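The block underneath contains the structure these notes are about, expressed in structure tokens.
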Amino acid sequence: MMPVLRSVEEAASRFPRAVIAVGNFDGVHRGHGAIIECAIDRSLALSAPCLVVTFDPHPQLVVGRKPSLPILTPTDQKLELLSKYEIDAVLVIPFTGGFARIEPEAFVKTTYVDALDIREIIVGYSHNFGRYGRGDRMLLQRLSAQYGFGIQVVMPIQMEGSPVNSSHIRAVLSAGEINDAELLLGHPYAITGNVVRGDGRGSTLRFPTANLETHDPDALIPKRGVYAVRVGLGERMLNGVMNIGVRPTFGQDVEHCEVHILDFEGDLYNQSIRVEFVERIRDEKRFATVEALKDQISKDVYTTYNMLKA
């Protein structure tokens, strides 16, 4: 199992003179993969350990915009995705208000040079760090010459004429473009949460649903609508239909995430599930009658069954 280190001191003692890939890595998308693979290649070339260095929570949640930035991969999901790479460990640095006020030159000196004694650092082209985000790749290049560590800057991956980055993926998901998001990410977009009790309305509509409360309130929820999904329940992957919306037919205005698992019987309350988005089926819609809604749900289930049966 990939070690997850929670302090710079632990990383320094276990993996000194490492090659480090540094970033928020929100989404762990194809662009992030290029940075990490570069770090792996350089660590092999230098016979050095390879560490991924990231931050918790996402810096924008501490010093950024209001309302908060939606997050593609909360830390537990990020670590799961990072574990698929051939790296030695991940160092998760707690991101606090005090940490955000450290000047970038001081951070490099105390953390990368004095504590970790790094061999080389790998960053993306848009990497920023330190107080007010003033540190960037140009500063790192100057400091690398001063302190004697190497640096590699990975330029963006382009797909269909646009750079692959987290901001673009957030916009794509917010528009409900699930297939485009998966292409940019390199893996299905997923949310995780606990099944909580709802109002039981799904059972009256012939299709009982699990009401999902996401583990992380800052997790990005795709555009409202109906989706074909795969549901991770323990070791099983099951097919399902997810509705994201406010139940306009019933005059409600609070957004819910509800999933109906195909051909499933059992009690899901208080269980943790993972929902992977496969395809967007339709927009959220208000129906004139409950019977019309039931008919549409039947069609949605049929559509999903045929879409995911392979």
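The values are calculated or read from the model by the stated rules, or taken from the named source; none is laboratory data. No experiment lies behind these values; they were computed from the predicted model shown. Methodologically, a virtual Cβ is constructed for each residue, glycine included, from the backbone with ideal geometry; neighbour enumeration extends over all protein chains shown.
It is to be established whether one or more residues within segment 224-241 are modelled with pLDDT of 90 or more, among the polar types (S, T, N, Q) and in contact with a His (Cβ under 9 Å, 6 or more places away or on another chain).
no
Name the pairs whose Cβ atoms lie under 7 Å apart, with the first residue in segment 60-88 and free of Cβ contacts under 8 Å to residues at least 60 places away in the same chain, the second assigned to a loop (DSSP other than H, G, I, E, B) and of a type outside the set (Lys, Arg), and 6 or more positions between them or separate chains?
So the pair list comes out as 60/69; 62/95; 62/96; 73/26; 73/27; 73/28; 78/25; 78/28.
Is there a residue being assigned to a loop (DSSP other than H, G, I, E, B), at pLDDT below 90 and either assigned by TED's automatic domain parsing to the domain that holds residue 213 or charged (D, E, K, R) (or both) anywhere in segment 291-307? Walk me through it before giving the result.
So in segment 291-307, the residues assigned to a loop (DSSP other than H, G, I, E, B) come out as none.
Among the residues of segment 291-307, not one is assigned to a loop (DSSP other than H, G, I, E, B), at pLDDT below 90 and either assigned by TED's automatic domain parsing to the domain that holds residue 213 or charged (D, E, K, R) (or both), which makes the answer no.
Could you go through segment 199-216 and let me know if any residue there is of a type in the set (S, T, N, Q) and either at pLDDT 95 or above or closer than 22 Å to residue 67 by Cα (or both).
The answer is yes, given that some residue of segment 199-216 is of a type in the set (S, T, N, Q) and either at pLDDT 95 or above or closer than 22 Å to residue 67 by Cα (or both).
If you check residue 117 against the conditions, is it within 25 Å of the chain's Cα centre (by Cα), under 25 Å from residue 43 (Cα atoms) and not aromatic (Phe, Trp, Tyr)? Walk me through it before giving the result.
Details: within 25 Å of the chain's Cα centre (by Cα): no; under 25 Å from residue 43 (Cα atoms): yes; not aromatic (Phe, Trp, Tyr): yes.
Considered against the rule, which asks whether it is within 25 Å of the chain's Cα centre (by Cα), under 25 Å from residue 43 (Cα atoms) and not aromatic (Phe, Trp, Tyr), residue 117 comes out as no.
Residue-wise test of (1) under 30 Å from residue 234 (Cα atoms); (2) of a type in the set (Gly, Ala, Ser); (3) outside the structural domain of residue 70 (by TED's automatic domain parsing).
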| residue | (1), (2), (3) |
| --- | --- |
| 141 | no, no, no |
| 150 | no, yes, no |
| 170 | yes, no, yes |
| 177 | yes, no, yes |
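Is there a residue in segment 262-272 that is modelled with pLDDT of 95 or more and buried (at least 17 other Cβ atoms within 10 Å of the Cβ)?
no
Evaluate the following for residue 53: is it assigned by TED's automatic domain parsing to the domain that holds residue 12, assigned to a strand (DSSP E or B) and closer than 14 Å to residue 18 by Cα?
Details: assigned by TED's automatic domain parsing to the domain that holds residue 12: yes; assigned to a strand (DSSP E or B): yes; closer than 14 Å to residue 18 by Cα: yes.
Yes; evaluated as a whole, the condition is true for this residue.
Restrict the check to segment 123-135 and report whether at least one residue is charged (D, E, K, R), assigned by TED's automatic domain parsing to the domain that holds residue 8 and surrounded by fewer than 16 Cβ atoms within 10 Å (Cβ to Cβ).
Applying the first criterion (charged (D, E, K, R)) to segment 123-135 yields 131, 134.
Now narrow it down to the ones that are assigned by TED's automatic domain parsing to the domain that holds residue 8: 131, 134.
Narrowing further to those that are surrounded by fewer than 16 Cβ atoms within 10 Å (Cβ to Cβ): 134.
Yes, segment 123-135 contains at least one residue that is charged (D, E, K, R), assigned by TED's automatic domain parsing to the domain that holds residue 8 and surrounded by fewer than 16 Cβ atoms within 10 Å (Cβ to Cβ).
Which ones in segment 218-238 are crowded, with 20+ Cβ neighbours inside 10 Å and under 17 Å from residue 262 (Cβ atoms)?
Those that are crowded, with 20+ Cβ neighbours inside 10 Å and under 17 Å from residue 262 (Cβ atoms): 226, 227, 228, 229, 231.
Those residues that are over 20 Å from residue 185 (Cα atoms), part of a helix (DSSP H, G or I) and either among the basic types (Lys, Arg) or in contact with a His (Cβ under 9 Å, 6 or more places away or on another chain) (or both), I need them from segment 58-113; list them, please.
109, the sole residue that qualifies.
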